[in-house]
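A short worksheet on the structure shown next.
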Amino acid sequence: MTDAAGRVEPSGVWATAVGVARVRAMETAREQPLFRDQLALAFATAGGLGPGSPPAPLADEAARRRRLGVAFSIVIRTKFLDDLLDRAVASGVRQVVLLGAGMDSRAFRMDWPAGTRLFEVDTAEPLGFKASVLRQERAVPRCERITVPVDLREDWPGALVAAGHDPAQPTVWIAEGLLIYLPEDAVQSLLERVGVLSAAGSRMGLTLGSRGVVERFRQDAAPGSAASMWVSEMPEDTVGWLEGLGWEAETFTLRERAEAYGRPVLTPAQYDEGAGGLVSAVRAAH
């Protein structure tokens with residue numbers, strides 16, 4: 001859909017990226033935020049989720065806790081992946097690929113070494129929406145930013161290489177808030193394709209639905225809500241699974257990272273309803 005100004009309006013799965021932007025904008029407004037995303041408010045406002053827009057109604061207290069848990073997980077995972085990217089470029093990696101980039105503004109808000117190329121892979125609609133907001137904000141990226149409009153169900157590796165990605169050089173891959181929306185076989189296929197494009201020394205940051213989260217959230221999720229579209233969660237042995245795909249991985253819980261960031265989980269319920277395991281991985285030598 002397009003609005004009166006010809007701008008694409010959020011719809012379908014990618015519309016959830018606007019909700020993520022709203023959470024990042026709220027974190028940015030805190031007195032001591034874990035990160036600052038100065039474009040998040042513009043993305044949220046353009047998508048109809050600005051400060052004056054009321055949140056969707058909630059059925060009960062359990063639903064309210066679930067919403068808090070999701071927002072909390074978005075904040076923690078954003079900080080986790082920021083740190084992972086900082087470590088990757090410090091190790092010499094100069095290629096960054098954001099899979100299902102949504103409203104990610106890391107190209108604009110992080111400090112990148114000279115020569116860094118950042119590829120944003122997503123479908124044309126969210127990239128078009130994003131481009132209109134970036135023009136409005138006169139945003140200037142801090143690295144070479146390349147958008148790759150392609151559906152991840154299609155030949156995205158071909159499109160990525162055609163856009164300038166060099167599989168012979170190490171890459172840091174980010175799949176944030178993406179894999180939970182894909183069936184397990186699609187997750188497997190996606191990561192197999194990532195492996196083919198990953199030289200030794202490549203890195204990867206993933207967020208995965210924690211065990212049991214899909215069943216808990218979907219049982220009474222509102223139609224069209226993010227949780228209603230969740231389909232897959234992390235395997236029981238995530239480290240072993242990724243080892244089989246050629247990656248040396250570490251996993252972290254939201255609680256662990258939150259405490260490390262000085263933002264301890266306030267209540268057991270908030271943590272228990274949080275969505276997402278956090279994964280950091282390095283490509284094993286071939």
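The values are calculated or read from the model by the stated rules, or taken from the named source; none is laboratory data. Keep in mind that what you see is a predicted model, and the values were worked out from it rather than measured. As a convention, Cβ positions derive from the backbone with ideal geometry for all residues, glycine included, and neighbour counts pool all protein chains shown. The area values use the complete protein model at the heavy-atom level, side chains included, leaving out ligands, DNA and RNA. Shrake-Rupley method; radii C 1.70, N 1.55, O 1.52, S 1.80 Å.
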*Return yes or no: is Ala124 closer than 20 Å to Ala159 by Cβ and small (Gly, Ala, Ser)?*
yes
_Criterion: part of a loop (DSSP other than H, G, I, E, B), polar (S, T, N, Q) and open to solvent by 30 Å² or more (accessible area, probe 1.4 Å) - qualifying residue of Gln188, Gln169, Gln136_ = Gln169
*What are the residues in segment 139-165 that are open to solvent by 60 Å² or more (accessible area, probe 1.4 Å) and of a type in the set (Asp, Glu), if any?*
Glu144, Glu154, Asp155
_Which condition from (1) modelled with pLDDT of 95 or more; (2) touching a Ser or Thr at 6+ places or on another chain (Cβ under 9 Å); (3) in a helix (DSSP H, G or I); (4) open to solvent by less than 10 Å² (accessible area, probe 1.4 Å) is the one that Thr78 breaks?_
(2)
